[in-house]
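Asker: Have a look at this one before I ask anything.
The values are calculated or read from the model by the stated rules, or taken from the named source; none is laboratory data. All values derive from a computational prediction rather than experimental measurement. Cβ: placed from backbone, ideal geometry, glycine included. Neighbour counts: every protein chain shown.
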Amino acid sequence: GAVVSQHPSWVICKSGTSVKIECRSLDFQATTMFWYRQFPKQSLMLMATSNEGSKATYEQGVEKDKFLINHASLTLSTLTVTSAHPEDSSFYICSATGETQYFGPGTRLLVL
Amino acid sequence: ILNVEQSPQSLHVQEGDSTNFTCSFPSSNFYALHWYRWETAKSPEALFVMTLNGDEKKKGRISATLNTKEGYSYLYIKGSQPEDSATYLCAWDTGRRALTFGSGTRLQVQP
């Protein structure tokens with residue numbers, strides 16, 4: 001089946017630093033990828049839609065200048081959390097569009 | 001806000017028990033309903049994509065039904081095994097490919 005990898009799987013950083021998360025479709029090409037996040041005891045919530053070769057579209061309430069998305073190739077999308085703060089601590093997970101939505105294993109971010 | 005609700009939140013069963021969970025979703029703007037199985041530290045695994053009212057799909061001991069008119073789907077597991085322990089997610093798809101998820105049902109199967 002289709003495989004999506006995500007790196008890193010977990011990261012701890014200091015407040016004010018930036019963190020980059022990579023999402024790769026390993027055996028298929030994806031023109032569209034999605035980024036979700038999950039806070040404790042809540043559902044996965046869509047943050048943004050990442051389109052290869054064009055700007056990402058963000059859901060209401062998600063700051064595009066804080067969560068930078070780059071989808072430079074058909075197999076890679078990156079999410080950069082800029083100037084991270086403790087409230088950005090969450091679980092971030094990507095999906096890539098194939099026959100269905102295929103998910104990566106997620107990245108747990110802890111901002112101290 | 002249009003929500004997807006799943007029940008129960010968690011379930012503990014004995015090996016060999018059969019079980020079922022419910023997913024309710026808005027019946028408007030329906031395109032598909034997805035079921036995923038999610039084990040800790042792994043990627044959510046796609047189980048079913050259901051599109052037609054009355055659909056029933058089966059994968060081994062797991063099956064699912066769909067009622068788009070009333071906005072619900074059931075997932076059944078027959079003869080639960082410890083390896084079925086996971087969180088089961090459903091997600092409502094309006095056709096824009098991004099998914100709206102329920103909060104999941106956490107299943108624990110005791111040997």
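Asker: Given the structure, is A:Tyr58 in contact with a Leu (Cβ under 8 Å, 6 or more places away or on another chain) and either under 22 Å from B:Trp92 (Cβ atoms) or of a type in the set (D, E, K, R) (or both)? Spell out the reasoning first.
Answerer: Details: in contact with a Leu (Cβ under 8 Å, 6 or more places away or on another chain): no; either under 22 Å from B:Trp92 (Cβ atoms) or of a type in the set (D, E, K, R) (or both): yes.
Considered against the rule, which asks whether it is in contact with a Leu (Cβ under 8 Å, 6 or more places away or on another chain) and either under 22 Å from B:Trp92 (Cβ atoms) or of a type in the set (D, E, K, R) (or both), A:Tyr58 comes out as no.
Asker: Could you count how many residues in the range A:76-101 are closer than 16 Å to A:Lys20 by Cα and free of Cβ contacts under 8 Å to residues at least 60 places away in the same chain?
Answerer: 8
Asker: Does A:Glu63 fit the bill of being surrounded by fewer than 16 Cβ atoms within 10 Å (Cβ to Cβ) and within 29 Å of B:Tyr88 (Cα to Cα)? Talk me through it step by step, then tell me what you get.
Answerer: Working: surrounded by fewer than 16 Cβ atoms within 10 Å (Cβ to Cβ): yes; within 29 Å of B:Tyr88 (Cα to Cα): no.
Judged against the criteria, A:Glu63 is not a match.
Asker: Give the residues of the range B:38-58 that are more than 17 Å from A:Glu99 (Cα to Cα) and under 13 Å from the mean Cα position of the chain (by Cα), sorted by residue number.
Answerer: Passing the criteria: B:Trp38, B:Glu56, B:Lys58.
Asker: So if I check each of B:Glu83, B:Glu70, which one is more than 22 Å from A:Thr97 (Cβ to Cβ) and part of a helix (DSSP H, G or I)? Steps first, answer last, please.
Answerer: Working: B:Glu70 fails: part of a helix (DSSP H, G or I).
B:Glu83 is the lone residue from the list that is more than 22 Å from A:Thr97 (Cβ to Cβ) and part of a helix (DSSP H, G or I).
Asker: Additional query: Given the residues A:Ile93, A:Ile21, which is the only one that is in contact with a Pro (Cβ under 9 Å, 6 or more places away or on another chain), within 23 Å of B:Leu2 (Cα to Cα), surrounded by 13 or more Cβ atoms within 10 Å (Cβ to Cβ) and β-branched (Val, Ile, Thr)? Show your work before the answer.
Answerer: Details: A:Ile21 fails: within 23 Å of B:Leu2 (Cα to Cα).
Checking each option against the conditions leaves just A:Ile93.
Asker: Follow-up question, since we're still on this one. Among what's in the range A:24-45 and is assigned to a strand (DSSP E or B) and in contact with a Leu (Cβ under 7 Å, 6 or more places away or on another chain), pick the residue that is nearest to the other protein chains (Cβ to nearest Cβ). First the steps, then the outcome.
Answerer: As a first pass, look at the range A:24-45 and keep what is assigned to a strand (DSSP E or B): A:24-25, A:32-38, A:45.
Going one step further and asking which of them are in contact with a Leu (Cβ under 7 Å, 6 or more places away or on another chain), we end up with A:24, A:34-36, A:38.
Working: A:Arg24: 12, A:Phe34: 5, A:Trp35: 10, A:Tyr36: 8, A:Gln38: 9 Å.
Of everything passing the filter in the range A:24-45, A:Phe34 is nearest to the other protein chains (Cβ to nearest Cβ).
Yes or no, residue by residue, for (1) within 14 Å of chain B (Cβ to nearest Cβ); (2) under 23 Å from B:Leu99 (Cβ atoms):
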position	(1), (2)
A:Tyr58	yes, yes
A:Glu63	no, yes
A:Ile69	yes, yes
A:Ser73	no, no
A:Ala84	no, no
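Asker: Just for the range A:47-56: of the residues that are within 14 Å of chain B (Cβ to nearest Cβ) and hydroxyl-bearing (Ser, Thr, Tyr), which one is farthest from A:Gln29 (Cα to Cα)? First the steps, then the outcome.
Answerer: Our first condition is that a residue be within 14 Å of chain B (Cβ to nearest Cβ); within the range A:47-56, this holds for A:47-52, A:56.
Filter once more, keeping what is hydroxyl-bearing (Ser, Thr, Tyr): A:49-50.
Values: A:Thr49: 16, A:Ser50: 13 Å.
Once the filter is applied, the top-ranked residue is A:Thr49.
Asker: Shifting gears a bit: Being of a type outside the set (D, E, K, R) and touching a Gly at 6+ places or on another chain (Cβ under 9 Å) narrows it down to one residue among B:Thr40, B:Thr65, B:Thr51; which is it?
Answerer: Unique residue meeting the criteria: B:Thr65.
Asker: Got a number for residues in the range A:66-112 being modelled with pLDDT of 95 or more and part of a loop (DSSP other than H, G, I, E, B)?
Answerer: Summing the residues that are modelled with pLDDT of 95 or more and part of a loop (DSSP other than H, G, I, E, B) in the range A:66-112 gives 10.
The rows are residues; the columns are (1) away from every other protein chain (no Cβ under 14 Å); (2) hydroxyl-bearing (Ser, Thr, Tyr); (3) surrounded by 16 or more Cβ atoms within 10 Å (Cβ to Cβ).
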| residue | (1), (2), (3) |
| --- | --- |
| B:Thr19 | yes, yes, yes |
| B:Tyr31 | no, yes, no |
| B:Lys42 | no, no, no |
| B:Ser103 | no, yes, yes |
| B:Leu107 | yes, no, yes |
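Asker: May I pose another question? Just checking, does the range A:12-35 include any residue being at pLDDT 95 or above, touching a helix residue (DSSP H, G or I) at 6+ places or on another chain (Cβ under 9 Å) and closer than 18 Å to A:Asp88 by Cβ?
Answerer: Yes - at least one qualifying residue is present in the range A:12-35.
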